[in-house]
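Have a look at the structure below, then the notes.
The values are calculated or read from the model by the stated rules, or taken from the named source; none is laboratory data. Predicted model, so just to flag it, every value in this text is computed and none were measured. Cβ placement follows ideal geometry from the backbone for every residue including glycine, while neighbour counts extend to all protein chains displayed. Please note that ligands, DNA and RNA were not included when accessible areas were found on the heavy atoms of the full protein model with its side chains. Shrake-Rupley method; radii C 1.70, N 1.55, O 1.52, S 1.80 Å.
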Amino acid sequence: MGTASAQTLDQPLAKEQRVHYLNAKYGIKSWLLTTDHKRIAWLYLIVTSFFFLIGGIAAGLMRLNLITPQGAIVQPETYNKLFSMHGTIMIFFFLAPAVPTVLGNFLIPMMVGARDVAFPRLNLLSWYIFITAGGLLLYSIMAGGFDTGWTFYTPLSTTYLNSHVISAALAVFISGFSSILTGLNFIVTIHKMRAPGLTWFRLPLFIWSMYAASIIFVLAMPVIAITMVLLVLERVFHVGIFDPALGGDPILFQHLFWFFGHPEVYILILPSMGVISELIAAFSRRRVFGYAFVAFSSFGIAIISFVVWGHHMFVSGQSVYAGIFFSAMSMVVAIPSAVKVFNWTATLYKGSVSFEAPMLYALGFLGLFTIGGLTGVWLAALGLDVFLHDTYFVVAHFHFIMVGGAIMGYMGGLHYWWPKMTGKMYPDYWARLAALTVFLGFILTFGPQFILGFLGEPRRYAIYPPNFQFLNVMSSAGASILAVGYVIPVIYLVWSLKYGPDAGPNPWQAKGLEWETASPPPVHNFDKMPVVTEEAYAYGSHPQVTTTAS
Ligand code: HEM
Ligand SMILES: [Cu+2]
């Protein structure tokens, strides 16, 4: 196909070129009105990446401000608005949608052997609902911002008027419907659209984790929706839901928010866990050890995640019995995650492991997520949490899980399936370099924050005592390295669209239905609908963990 294949999205189709989903139709209309799950994945990739940029700029401004103990860059009020906007954007408008709507949308129909998701038009509608919510959040920021933190706690969110809480709360409310519809679409697709022979226990583990995440979407998002409605009603009409002076209870808001909030954090990590299962199997050429346990552990996480929310409120005056219950359950929820980590490690054992860029992200995930998870167990211990609550230890903990874990998984998945999405390969040298830069930048950014938290530095403060400056400067320096690590891939991935060598159908020689069709895939995914006759990850070797050295 020589140079003729170096097309961009707008070049006319040369006679001998194969029609695929990227060149089947031209023009902006063919994108904005598409019902093709693969094109909708790109629409989400563009919008969520834009929000990652905005959230990242806010993070950069905060880290710059934290270089000096007095905070040289912004006023404390502005700092409050920066972390509120950063947290809300990164969670609701970047990470919660990213892996499910970009990789999930692109892959689920192909992995189950279907032509599209169950409800293609609903899929497009979900994107329009999402960008409407995103537009409203951008409005609240441009109108002056909000300073409640991403948790919107009352009474601050219902009483302090110099803050655009209502538009931000409504943006979160609306974005919830996009997630609910996406979750529903995925659940029906996985149940109803599987190719002949593709039984549940032959499904890729990415599908199991997406299924579990979709269930949380459908069950948890309505809770944040009603919580945001009650918040707006209280702020506008003072109906007395959260206001003690009117018979309400501000702690009720915390229960409602975290009954959603903790399952939400598993929406952030579960899809990436599914990606890691795919990467570890492909780059160690092995079936994932304990396939069924890894599959069911996604459900374990989804179910237990609904009974741990009280660990965010150990110091909100709940009873000691409630504290004991939530502490115990918060330790139990670590078990299914540990099952995954142990089984991924067992799969690597004696595997023929190769270290392409996607695998470097997977190994980074393994290390950083484990640290994030273990520090979560620390925070589940009542005594320790009373000491560490609302300190930088907590900030480090959730960034280890969300950035060190979830985003590492997302980056690994993007690099693994980019050749399938575009038909193009990217330069492996730069990809590996970027993966290492991200890993080192991350450790330098968030590692020192565990120590700062242990030493007592509170979160959400624009200023701090001078003796904390060295570790804060280290953290800010790390953040700039992390930023470079995220920019390099943008450059070579865009470059690859025009100049990248052709990838061919299966550049990694990996197993899975998505690799049995062309890259990029035809509009309807498969020229001939697949029939499945073998188990997932049939790389010919089942990992046997032997105790005697062979
Ligand atoms: C990529 C590099 C990132 C950097 C350098 C960064 C940095 C920060 C900083 C400095 C804060 C404020 C800490 C405080 O004063 O309490 C913060 C808070 C936060 N970050 Fe990040 N962050 C990054 C990525 C992310 C991502 C990807 C997510 C989520 C998906 C995230 C979620 C949050 C949340 C939820 C908060 C708490 C906001 C609040 O207190 O209301 N961050 N981050
Ligand atoms: Cu939690």
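To keep it simple, each residue is scored yes or no on (1) part of a loop (DSSP other than H, G, I, E, B); (2) open to solvent by 10 Å² or more (accessible area, probe 1.4 Å).
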residue	(1), (2)
74	yes, yes
81	no, yes
88	no, no
103	no, no
108	no, no
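Among helices (runs of 4 or more DSSP H) entirely within the range 355-412, having at least 1 residues that are among the hydroxyl-bearing types (Ser, Thr, Tyr) singles out 357-380, 392-399. When the range 334-360 is filtered for residues that are within 16 Å of ligand 2 (Cβ to nearest atom) and in contact with a Ser or Thr (Cβ under 6 Å, 6 or more places away or on another chain), only 336 remains. Within the range 483-502, is even one residue under 23 Å from residue 196 (Cβ atoms), crowded, with 16+ Cβ neighbours inside 10 Å and hydroxyl-bearing (Ser, Thr, Tyr)? Checking the range 483-502: not a single residue is under 23 Å from residue 196 (Cβ atoms), crowded, with 16+ Cβ neighbours inside 10 Å and hydroxyl-bearing (Ser, Thr, Tyr). For residue 277, the conditions (1) assigned to a loop (DSSP other than H, G, I, E, B); (2) within 27 Å of the chain's Cα centre (by Cα) are fulfilled apart from (1).
Select from the range 349-381 the residues that are aromatic (Phe, Trp, Tyr) and surrounded by fewer than 20 Cβ atoms within 10 Å (Cβ to Cβ) and write down the one among them that is modelled with the lowest pLDDT.
349
Just one of the listed residues (372, 409) is within 22 Å of residue 514 (Cβ to Cβ) and within 13 Å of ligand 1 (Cβ to nearest atom), and it is 409. A Cβ distance below 9 Å, combined with a sequence gap of six or more or placement on separate chains, defines the contacts here; from the range 133-146, residues that are assigned to a loop (DSSP other than H, G, I, E, B) reach residues that are aromatic (Phe, Trp, Tyr) and surrounded by 12 or more Cβ atoms within 10 Å (Cβ to Cβ) in the pairs 146/152. Restricting 470, 454, 439 to those that are open to solvent by 60 Å² or more (accessible area, probe 1.4 Å), more than 10 Å from ligand 1 (Cβ to nearest atom) and under 20 Å from the mean Cα position of the chain (by Cα) reduces the list to 439. Filtering 206, 237, 242 for residues that are more than 20 Å from residue 410 (Cβ to Cβ) and buried (at least 24 other Cβ atoms within 10 Å of the Cβ) leaves a single hit, 242. Within the range 301-326, residues that are more than 20 Å from residue 337 (Cβ to Cβ) sit with their Cβ atoms under 7 Å from residues that are within 16 Å of ligand 1 (Cβ to nearest atom) and in a helix (DSSP H, G or I), at 6+ positions apart or across chains, in these pairs: 313/254; 313/258; 316/254. Pairing each residue of the range 261-275 that is open to solvent by less than 10 Å² (accessible area, probe 1.4 Å) with any residue that is within 11 Å of ligand 1 (Cβ to nearest atom) and not in a helix (DSSP H, G or I), provided the two are 6+ apart or on different chains, yields C-beta distances under 8 Å for 261/151.
Beta carbons closer than 7 Å, at least 6 apart along the sequence or on distinct chains, pair a first residue in the range 25-38 that is free of Cβ contacts under 8 Å to residues at least 40 places away in the same chain with a second that is open to solvent by less than 60 Å² (accessible area, probe 1.4 Å) for 31/39; 31/43. Take the conditions at pLDDT 95 or above and open to solvent by 10 Å² or more (accessible area, probe 1.4 Å) and apply them to residue 215. Does it pass? So residue 215 fits the description; yes. With respect to the conditions (1) under 25 Å from residue 255 (Cβ atoms); (2) open to solvent by 40 Å² or more (accessible area, probe 1.4 Å); (3) of a type in the set (Phe, Trp, Tyr); (4) modelled with pLDDT of 95 or more, residue 119 lacks only one, and its number is (1). Can you name the residue in the range 168-203 that is surrounded by fewer than 17 Cβ atoms within 10 Å (Cβ to Cβ) and of a type outside the set (D, E, K, R) and, of all such residues, is farthest from ligand 2 (Cβ to nearest atom)? Among those that are surrounded by fewer than 17 Cβ atoms within 10 Å (Cβ to Cβ) and of a type outside the set (D, E, K, R), it is 196. Taking the residues in the range 303-317 that are open to solvent by less than 10 Å² (accessible area, probe 1.4 Å) and more than 16 Å from ligand 1 (Cβ to nearest atom) as candidates, determine which candidate is farthest from residue 96 (Cα to Cα). So, considering only residues that are open to solvent by less than 10 Å² (accessible area, probe 1.4 Å) and more than 16 Å from ligand 1 (Cβ to nearest atom), the one farthest from residue 96 (Cα to Cα) is 310.
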